[in-house]
Amino acid sequence: MANSMPDHNPPIQSVKSLTIASMSAICLAGVILFTAVLPAEYGIDPTGFGEMAGLTRLSLPSKTGSAVSACAEPAVSAAQPAAPSQWQDTVKIVVPAGEGLEYKFHLAKGATLEYSWSTNGAALYFDFHGEPQGDKTGYFKSYKETTDSQSSGSLSAPFEGSHGWYWENKSNAPVTVVLNTKGAYRILGLM
């Protein structure tokens, strides 16, 4: 009796088709990272989709968890920051050991940004500054530059453009910044 099973050799994929499939998977993973994971896990929403889909709310601390209180440091302007229960947005930003990063908002001229940020006690060098929209010269205006573990206040934007913080962690361990904000702005996120 002869074997009735036909010889079946599956096709071997070419290097080109494997490369295309791998690149497609990497692109899809990037889209998922920027549209879902960063907004849901860290409150970082570079595309704006996370806020539209309600994913940024997942990154907010729970009401039963510890709340970040407004800091008592002098404000950039005379206005006092809002109470923690009134914050519009809260984000946790991890500044890696020995590195720096920027977190920005887009504000129209005259728009207000109220803020309060703090770490777990670790001091970071920071520069709270703004860059005019469309400026190609590299100009920026510093509002506050120092080393501290917290800062709070209010800014009335002197020009339209990006405004935010550059934090630098000179320690050997990552430092988490909890940033609370309120105002008329669009989140640009990590830059």
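So here's what we get for this one:
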| quantity | calculated |
| --- | --- |
| Residues located in the stretch 174-187, provided they are open to solvent by 10 Å² or more (accessible area, probe 1.4 Å) and either out of contact with any Lys or Arg (no Cβ under 6 Å at 6 or more places or on another chain) or farther than 18 Å from W87 by Cβ (or both) | P174, K182, G183, A184, Y185, R186, I187 |
| Top-ranked residue of the stretch 155-168 - restricted to ones that are open to solvent by 50 Å² or more (accessible area, probe 1.4 Å) and in a strand (DSSP E or B), ranked as farthest from I187 (Cα to Cα) | E168 |
| Only one of S171, S152 that is open to solvent by less than 70 Å² (accessible area, probe 1.4 Å), in contact (Cβ under 8 Å) with a residue 40 or more places away in the chain and over 21 Å from G183 (Cβ atoms) | S171 |
| Every pair of residues 6+ apart whose Cβ atoms lie under 9 Å, when the first sits in the stretch 127-139 and is exposed (fewer than 10 other Cβ atoms within 10 Å of the Cβ) while the second is small (G, A, S) | G134/G161 |
| Number of positions in the stretch 95-113 that are open to solvent by 40 Å² or more (accessible area, probe 1.4 Å) and assigned to a strand (DSSP E or B) | 2 |
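So that you can scan it fast, the table gives a plain yes or no per residue for (1) modelled with pLDDT under 85; (2) farther than 19 Å from G164 by Cα; (3) of a type outside the set (S, T, N, Q):
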| residue | (1), (2), (3) |
| --- | --- |
| Q13 | yes, yes, no |
| V31 | yes, yes, yes |
| E41 | yes, yes, yes |
| D45 | yes, no, yes |
| L60 | yes, yes, yes |
| G65 | yes, yes, yes |
| S77 | yes, no, no |
| Q86 | yes, yes, no |
| V91 | no, no, yes |
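The values are calculated or read from the model by the stated rules, or taken from the named source; none is laboratory data. Quantities reported herein were computed from a predicted structural model and do not represent experimental measurements. We place every Cβ from the backbone using ideal geometry, glycine too, and count neighbours over all the protein chains shown. The accessibility values were calculated without ligands, DNA or RNA, using every heavy atom of the protein model including side chains. Shrake-Rupley method; radii C 1.70, N 1.55, O 1.52, S 1.80 Å.
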